[in-house]
Protein chains: 2
Amino acid sequence: MGFDVAELKFNEAGLIPAIAQDADSHEVLMMAWMNADAIARTLASGRVTYWSRSRQAFWVKGESSGHHQELVDFRFDCDKDCLLVLVRQTGPACHTNRRSCFFSAVRDGAVVELMQPMA
Amino acid sequence: MGFDVAELKFNEAGLIPAIAQDADSHEVLMMAWMNADAIARTLASGRVTYWSRSRQAFWVKGESSGHHQELVDFRFDCDKDCLLVLVRQTGPACHTNRRSCFFSAVRDGAVVELMQPMA
């Protein structure tokens, strides 16, 4: 069955959430948003490309930081309203220089920091 | 530092996306939404509870299917606008009876089904 991006369900802003997971370690790295064009660019280039809601522009991950995400596998869920991209991540995924954006945990009512910025 | 749910960023509908990941296999199982009360219930009960947008009601995962998610760790991202819950999943996470909702991949322009419904 051919893939038609129009079958995905985008929100009222034309966006769909995309979870990035490290293809090797399986660590969940970040969640960001794509529109239909960002999906097409990601699939065509193999370089994960989001839509920046704050800048209202394409965001080729790593374009300014060098922390690229090379696409390994592109998946979508049963409801067709969420994406999962398996990636090979260069350096940290997070703008705080941590490997993953999910570095804060809630344990016994307190916030615990799970990882430090990369050297 | 104490955790204050009010520090999280909810969207205009009062919701925040929550990614569920298997704590053991690290498989990404599903993405659904929580509101502040669903977060409080999840943390207090240890049973992952979403907010169903279609039913406009709390959705204690597995309440009707028996496919519970036991909370192992509750995390949030650098922007405080996305959650990651590590869970112990009973049976399939997906309503199609597959282990994960992300069973469809796009490879060479075609949709490939990666897993079958569980027996």
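What the table shows:
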item	result
Cross-link reach list, lysines versus A:LYS61, counting only Cα pairs under 25 Å and skipping chain neighbours closer than eight places	A:LYS9, A:LYS80, B:LYS9, B:LYS80
Closest Cβ on chain B to the rotation axis that carries it onto A (distance rounded to whole Å)	B:HIS26, 2
Accessible area buried between chains B and A, both sides summed, probe 1.4 Å, in Å² to nearest 100	3100
Equivalent-ellipsoid semi-axes of chain B, from the Cα gyration tensor, Å, largest first	25, 17, 14
Stretch gain in nm, segment A:ASN97-A:ASP79, where the contour uses 0.36 nm per residue and the Cα spacing is subtracted	3.2 nm
Å² of accessible area per residue within chain A, as computed with a 1.4 Å probe and no ligands counted	47
Within chain A, helix-based [θ] at 222 nm, where runs of 4 or more DSSP H residues each add -39,500 (n - 2.57), nearest 500	-2500 deg cm²/dmol
Normalised contact order of the range A:5-91, rounded percent, pairs of Cα under 8 Å and 6 or more residues apart	30
Separation between Cα centres of the range B:16-56 and the range A:1-60, rounded to whole Å	22
Carbon/sulfur fraction of accessible area - the range A:5-91, other protein chains in place, 1.4 Å, %	47
Position B:ASN97, label points 7 Å along Cα→Cβ, spacing to each other copy in nm (shortest first, one decimal)	5.2
Assigned charges on the beta-carbon of Lys, Arg, Asp, Glu; chain B dipole about Cα centre (debye)	360
Inter-copy spacing of B:ALA57 label points, which lie 7 Å from Cα along Cα→Cβ, given in nm from shortest upward	4.7
Label distances, nm, B:GLN116 versus same residue in remaining copies, Cβ-directed 7 Å point	4.9
Cα-based shape type of the range A:66-119, given that a ≥ b ≥ c are square roots of the gyration tensor eigenvalues and the cut on a/c is 1.5	oblate
Order of exposure, largest accessible area first, which applies to B:ASP37, B:ASP73 with probe 1.4 Å	B:ASP37, B:ASP73
Pairwise FRET efficiency - A:VAL5 versus A:VAL72, Cβ, R0 = 22 Å, nearest 0.05	0.70
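The values are calculated or read from the model by the stated rules, or taken from the named source; none is laboratory data. Please read all numbers here as calculations on a predicted model, not as lab measurements. Note: ideal-geometry Cβ built from the backbone for every residue, glycine included; neighbour counts use all protein chains shown. These accessible areas exclude ligands, DNA and RNA; they are computed on the full protein's heavy atoms, side chains included. Shrake-Rupley method; radii C 1.70, N 1.55, O 1.52, S 1.80 Å.
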